[in-house]
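Asks: Mind having a look at this structure? Questions to follow.
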Amino acid sequence: MTSPVERTVEVRVAVSEEDLKSCFAVRSEVFVVEQSVPESIEYDAYDADAVHVLAVDADGVPLGTGRLLYGPAALGKTGDLTVGSLGRLAVAKSARGLGVGVALVRAIEAEAARRGLAAVDLGAQTHALGFYERLGYVAYGPEFQDAGIPHRAMRRPLP
């Protein structure tokens, strides 16, 4: 039996201007409005070269987004050209608990694998560690602050 999410959610690489606007709108809703991350640090120079992934419902309503940095853009975050950096994962409040976050992470991992990367790193907000652990990520290093929010570095080797 398929879950309702499998029938109604599409996850795709955001290529059109409209898709990118949708990605940024979800990020604004989650990070800027809900978590009070200053807009001046939410959007950065990495956005221009990142692979953005967008989840939408059957009516095209944006449900979530995330991005993948790879190559030189990821080097400063991962220290390794073979490791991508998953970031800015955001799911609209109305879509939480429906599997959208998992679908976004898996889509980003698929894009990383398609680009020949060996692993994916991320900086997880500490309240989300369990979510990423269930997806195979392992925390390493000390807790750190990002935008005033506690995080831990995590990594998952790609199959």
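Asks: Please check which bits of region 100-126 a label hung off Gln145 would reach, taking the label as a point 7 Å along Cα-to-C-beta and the cut-off as backbone N under 20 Å.
Replies: Residues passing the 20 Å test: 123-126.
Asks: Then there's this: Kindly identify region 18-89 as rounded, prolate or oblate by the Cα gyration tensor criterion: order the square roots of the eigenvalues as a ≥ b ≥ c, call it rounded if a/c is under 1.5, otherwise compare a/b with b/c, prolate if a/b is larger, else oblate.
Replies: oblate
Asks: Using modelled amide H (1.01 Å from N, peptide plane; none on Pro or chain starts), what sits under 5 Å from the amide H of Leu158, excluding residues fewer than 5 places away?
Replies: Here the answer is Ala119, Val120, since their amide H atoms fall under 5 Å of that of Leu158.
Asks: Per the Cauchy relation, a quarter of the hull surface: what is the mean projected area of the convex hull of the alpha carbons in region 84-159, in nm²?
Replies: One quarter of the hull surface, i.e. the mean projection, equals 5.1 nm².
Asks: Using a Förster radius of 30 Å, what is the FRET efficiency between Leu81 and Asp59 based on their Cβ-Cβ separation? Nearest 0.05, please.
Replies: 0.15
Asks: In whole Å, largest first, what are the principal axis extents of the Cα atoms in the chain?
Replies: Rounded to whole Å, the extents work out to 40, 36, 30 Å.
Asks: Turning to a different aspect of this structure: What number, in percent, do you get for the relative contact order of the chain if the mean sequence gap of Cα pairs under 8 Å and at least 6 apart is divided by its residue count?
Replies: RCO, the chain: 19 percent.
Asks: Right, another one. Please sort 143-152, 122-131 by packing, taking for each peptide the average over its residues of neighbouring beta carbons within 10 angstrom, highest first.
Replies: 122-131, 143-152
Asks: In whole Hz and in residue order, list the ³J(HN,Hα) couplings for region 150-159 that follow from phi through the Karplus curve 6.51 cos²θ - 1.76 cosθ + 1.60, θ = phi - 60°; x for Gly and Pro.
Replies: x, 9, 9, 6, 9, 9, 9, x, 8, x
Asks: Out of every Cα-Cα pair in region 119-159, what percent are more than 17 Å apart?
Replies: 22
Asks: What length, rounded to one decimal in nm, is gained on full extension from Arg134 through to Asp44, with 0.36 nm per residue of separation minus their alpha-carbon distance?
Replies: Extending this stretch completely gives an extra 29.5 nm.
Here, each number is a calculation from the coordinates, and none is a lab measurement. Treat the numbers as computed from the prediction; the structure is a model and nothing was measured. In this analysis, Cβ positions are derived from the backbone assuming ideal geometry, glycine residues included, and neighbour counts consider all displayed protein chains.
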